[in-house]
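*Asks:* Below you will find the structure I want to go over with you.
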Amino acid sequence: QVQLVESGGGLVQAEGSLRLSCVASGRTFSPYHMGWFRQAPGKEREFTAAIPWNFGIIYYADSVKGRFTISRDNAKNTVYLQMNRLKPEDTAVYYCAAIRAGSTWNYRRADNYDYWGQGTQVTVSS
């Protein structure tokens, strides 16, 4: 079993930057693919970025491509989301998620993931 805890959210002005962290505990982090999702009020949870356990192909939503970078440090059981050039439309609760590496990985589907953090609020002002 894996527990995930996000941190690093807060209030930032447009064009600013934040770095989110997600720390895993309970089991080793390395056998899990990881994703970041976000959910704004009144909207569905949407895919943001994903990174496989073996540092293969990384995936980004078109809305964040070129601005956000996902990375991981397996020695620290941590995945990061570096967010640059933030926009007001990036305002949302951001969640990290994990799926066992042996499973079929539909990286854009929230319901495909096995474990979720509680989320961290990101608010971008104009």
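The values are calculated or read from the model by the stated rules, or taken from the named source; none is laboratory data. Fair warning: this is a prediction, and the values are worked out from it, not measured in the lab. Quick reminder, even Gly has a Cβ in these numbers, built from the backbone with ideal geometry, and neighbours come from all protein chains shown. Please note that ligands, DNA and RNA were not included when accessible areas were found on the heavy atoms of the full protein model with its side chains. Shrake-Rupley method; radii C 1.70, N 1.55, O 1.52, S 1.80 Å.
*Asks:* Along the Cα-to-C-beta direction of Gln121, a point sits 7 Å from the Cα; which residues of the stretch 1-24 have their amide N less than 13 Å from that point?
*Replies:* Answer for this model: 9-12.
*Asks:* Let me ask something else. Would you report the distance distribution of C-alpha pairs in the chain as whole percents per 5 angstrom bin, up to the bin with the largest distance?
*Replies:* In order of increasing distance, the bins hold 2, 12, 24, 26, 20, 10, 5, 1, 0 percent.
*Asks:* Testing the spin-label approximation: label points 7 Å from Cα along Cα→Cβ at Gln3 and Gln39. State their distance in nm.
*Replies:* Each label point lies 7 Å from its Cα, and together they span 2.0 nm.
*Asks:* Pop out the carbon and sulfur fraction of the accessible area of the stretch 1-121 as a percent, whole number, probe 1.4 Å.
*Replies:* Carbon and sulfur together cover 46 percent of it.
*Asks:* So which aspartates and glutamates can Lys76 reach, going by Cα to Cα under 18 Å and dropping same-chain residues fewer than 8 places off?
*Replies:* Glu6
*Asks:* Simple spin-label model, 7 Å along Cα-to-Cβ: Arg100 to Asn74 in nm?
*Replies:* 1.8 nm
*Asks:* Could you order the peptides 91-97, 112-118 from most to least packed, using the average number of other C-beta atoms within 10 Å per residue? Walk me through the intermediate numbers first.
*Replies:* Values: 91-97: 22.4, 112-118: 17.1.
Answer by packing, highest mean first, reads 91-97, 112-118.
*Asks:* Straight-line reach only, C-alpha to C-alpha below 22 angstrom: list the lysines that Lys43 could link to, leaving out same-chain residues fewer than 8 apart.
*Replies:* Lys65, Lys87
*Asks:* Cut-off 10 angstrom, C-alpha nodes, Gaussian network model of the chain. Which of Ile99, Ile57, Ile70 fluctuates the most?
*Replies:* Answer for the Gaussian network model of the chain: Ile57.
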